[in-house]
Amino acid sequence: MQLLLIVGIIIAILAVVFALQNAVPITVSFLVWKFESSLALVLLIAIALGILMSLLVSVPSMIKRRGMISSQNKKIKQLEKSLQRESEREKENESKNKESELPLE
């Protein structure tokens, strides 16, 4: 947890340094839109949009994987219960067999 915080702080400091060093105003044109902003802001927005798009693409597979893990955990619990019942039956049968093997007096 602390490692993630430290990494986050380092990345934030690097982003601030990057923004201060790249404050040059540029004009961005896309189809009919044009806007002027600093180079650092444009690059950070592009990076953020890239991260957002990659998350949107990966979310369905993460949801599918979680569902599969959940169903497998349920199956494991069912199998463990079944194994426990079977071992109890086996113990009962062994005790019955031992009782029947005892000589009658």
Subject >> Listed residues Leu55, Leu39, Leu31, most fluctuating in the chain (Gaussian network, C-alpha, under 10 Å) >> reply: Leu31
Original post:
Considering the chain as a Gaussian network with a 10 Å cut-off on Cα pairs, which listed residue, Val42, Val16, Val32, attains the greatest mean-square fluctuation?
Top reply: Val32
**OP:** Under 13 Å from a label point 7 Å along Cα→Cβ of Leu3: give me every residue in segment 62-94 with its amide N that close.
**Re:** none
Subject >> Label-reachable residues, segment 1-21, where backbone N falls under 20 Å from a point 7 Å from Ser38's Cα toward its Cβ >> reply: 9-21
Original post:
Of Lys75, Lys64, Lys91, which has the largest mean-square fluctuation in a 10 Å C-alpha GNM of the chain?
Top reply: Lys91
Original post:
Where does the Debye-calculated log10 I(q)/I(0) of the chain sit at q = 0.14, 0.18 Å⁻¹, using only Cα point scatterers of equal weight, no solvent?
Top reply: -0.86, -1.04
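Here, each number is a calculation from the coordinates, and none is a lab measurement. Just so it is clear, the structure is predicted and the values come from calculations on it, not from any experiment. Here the Cβ is made from the backbone with ideal geometry for all residues, glycine too, and neighbour counts use every protein chain on show.
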